Amino acid sequence: MGQVLTMAGQLGGYTLTDRATYAAYKDKTGLVTLVEGDPKMFNPYGVIVVNPRKHPGLNTQGATAFSNWLTSAEGQKAVADFKINGVQMFFPTAR
């Protein structure tokens, strides 16, 4: 994706990109954001603990601990606080 952003900057073109790569390449390319926040582009991330009865031998205890932490107030704060070049990358929505 970084090469695509570099090329778009060099050619004065347009491209779609993820927030993290754009934040990392923004200063190198001179590109500006034209559209942001369109609900059609919503890209949710989630966490699911695999059913140990269907997939024995996995680290279910570790997966459960990670899932519990990620959806806790502490985990959601860590997600919200993650930034690249001062730009927030993720917006927590755990319920």
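The values are calculated or read from the model by the stated rules, or taken from the named source; none is laboratory data. The structure displayed is predicted, hence computed values, not measured ones. Neighbour counts run over all protein chains shown; Cβ positions are idealised from the backbone, glycine included.
Of the residues G37, G30, which is surrounded by fewer than 10 Cβ atoms within 10 Å (Cβ to Cβ) and of a type outside the set (D, E)? Give the derivation first.
Numbers: G30 fails: surrounded by fewer than 10 Cβ atoms within 10 Å (Cβ to Cβ).
Just one listed residue meets the conditions, G37.
Kindly provide the set of residues from segment 41-85 that are of a type in the set (K, R) and outside any loop (DSSP other than H, G, I, E, B), ordered by number.
Scanning segment 41-85 gives K77, K83.
Across segment 46-90, what is the number of residues that are within 18 Å of A20 (Cα to Cα) and surrounded by fewer than 10 Cβ atoms within 10 Å (Cβ to Cβ)?
2
Just to be sure I understand the filter: pairs with C-beta atoms under 9 Å, separated by 6 or more residues or on different chains, first member in segment 1-22 and at pLDDT below 95 and among the acidic types (D, E), second member exposed (fewer than 14 other Cβ atoms within 10 Å of the Cβ) and in a loop (DSSP other than H, G, I, E, B). Which pairs pass?
D18/N43
State which residue is nearest to F82 (Cα to Cα) when the search covers only segment 1-31 and only residues that are part of a helix (DSSP H, G or I) and small (G, A, S).
Ranking the qualifying residues of segment 1-31, first place goes to A20.
Failed condition for F42, given (1) loosely packed, with under 10 Cβ neighbours inside 10 Å; (2) over 30 Å from R95 (Cβ atoms); (3) of a type in the set (F, W, Y), with all others met?
With respect to (1) loosely packed, with under 10 Cβ neighbours inside 10 Å; (2) over 30 Å from R95 (Cβ atoms); (3) of a type in the set (F, W, Y), F42 is out only on (2).
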